[in-house]
1. List every residue pair whose Cβ atoms lie under 8 Å apart, where the two residues are 6 or more positions apart in sequence or sit on different chains, the first residue falls within region 26-47 and is within 14 Å of ASP122 (Cα to Cα), and the second residue, located anywhere, is part of a helix (DSSP H, G or I) and near the ligand (Cβ under 9 Å from one of its atoms).
2. Out of VAL110, VAL175, VAL84, which single residue is assigned to a strand (DSSP E or B) and under 20 Å from GLU58 (Cα atoms)?
3. Check ASP16 against each of (1) outside any helix (DSSP H, G or I); (2) away from the ligand (no atom under 15 Å from the Cβ); (3) under 21 Å from ALA121 (Cα atoms) and name the one condition it does not meet.
4. Return yes when ASP128 is assigned to a loop (DSSP other than H, G, I, E, B) and either more than 10 Å from the ligand (Cβ to nearest atom) or modelled with pLDDT of 95 or more (or both) and no when it is not.
5. Please work out if TYR72 is more than 23 Å from ARG106 (Cα to Cα), more than 16 Å from the ligand (Cβ to nearest atom) and surrounded by 14 or more Cβ atoms within 10 Å (Cβ to Cβ).
6. Failed condition for ASN24, given (1) within 26 Å of PHE133 (Cα to Cα); (2) part of a loop (DSSP other than H, G, I, E, B); (3) away from the ligand (no atom under 11 Å from the Cβ), with all others met?
7. Would you point out which residue out of VAL185, VAL137 is closer than 25 Å to ASN91 by Cβ and over 17 Å from the mean Cα position of the chain (by Cα)?
8. Residues of region 100-119 being more than 8 Å from the ligand (Cβ to nearest atom) and of a type outside the set (D, E, K, R), which ones?
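The values are calculated or read from the model by the stated rules, or taken from the named source; none is laboratory data. From a predicted model like this one, the values you see are computed outputs, not experimental measurements. Here the Cβ is made from the backbone with ideal geometry for all residues, glycine too, and neighbour counts use every protein chain on show.
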Amino acid sequence: MDQNELKQAVARAALDYIRPKLDNDSVVGIGTGSTANCFIDALATVKGQINATVASSEASAERLATLGIPVYELNSVDRVDFYVDGADEANSALQLIKGGGAALTREKIVTAVATEFICIADASKLVDTLGEFPLPVEVIPMARGHVARELVKLGGDPVYRDGVITDNGNIIIDVYRFPIPQPAVTEQAINAITGVVTNGLFALKGADILLLGTTDGVQTLYPR
Ligand code: 5RP
């Protein structure tokens with residue numbers, strides 16, 4: 001199986017996981033990225049059973065709408081029952097790095113609201129220690145220089161993601177060469193820098209379940 005087939009397999013597994021739990025009122029949160037896109041395509045096959053979705057990016061909202069799946073503003077719903085999204089890295093505690101697609105802030109907001117976060121990823125995303133993947137940080141544009149200098153003080157190597165503006169009108173700084181042995185501590189430390197909107201560590205609230213695509217099938221992992 002290639003990486004794309006693994007992504008499709010975990011997307012189907014996520015649909016199989018939530019389908020028996022769906023009722024007429026269910027609200028499904030939708031992530032962003034190539035794996036989340038596979039889930040959106042799978043969801044379209046049961047769209048009659050979906051009451052509402054909320055999307056973590058304009059791109060996902062557009063894909064949902066194109067497939068005829070109802071999309072609501074987060075402020076129009078009073079809860080999100082399930083949030084299904086990919087990740088750039090996950091550790092065994094199901095703490096994540098996200099934001100490779102620059103949607104980290106909206107992803108973190110939907111995560112905060114969701115009752116259950118189902119992460120879907122191919123096996124290459126599971127790591128012992130987070131930080132091999134450069135950590136995305138969403139930053140208010142005028143704070144770019146200040147935030148970069150503070151990230152250097154924390155031990156990272158910040159690189160401006162050229163040409164990228166988030167759905168919220170901000171910029172992304174990716175932090176390279178930055179191993180993260182204590183993800184919750186680092187998540188808080190970076191979020192405390194003035195000018196940071198949020199960073200791509202999902203450690204204070206990580207995933208509740210990880211559906212991991214391997215060549216031997218989809219594994220179901222819970223936080224350890
Ligand atoms: C977007 C994200 C994605 O979930 C992450 O980048 C994984 O993407 P993909 O499924 O394409 O590998 O956080 O901001």
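1. SER34/LYS7; THR35/LYS7; CYS38/LYS7
2. VAL84
3. It fails just one condition, (1).
4. Here the answer is yes, as ASP128 does meet what is asked.
5. Answer is no for this residue.
6. ASN24 satisfies all of (1) within 26 Å of PHE133 (Cα to Cα); (2) part of a loop (DSSP other than H, G, I, E, B); (3) away from the ligand (no atom under 11 Å from the Cβ) except (1).
7. Going through VAL185, VAL137 in turn, just one is closer than 25 Å to ASN91 by Cβ and over 17 Å from the mean Cα position of the chain (by Cα): VAL185.
8. THR105, ILE109, VAL110, THR111, ALA112, VAL113, ALA114, THR115, PHE117, ILE118, CYS119
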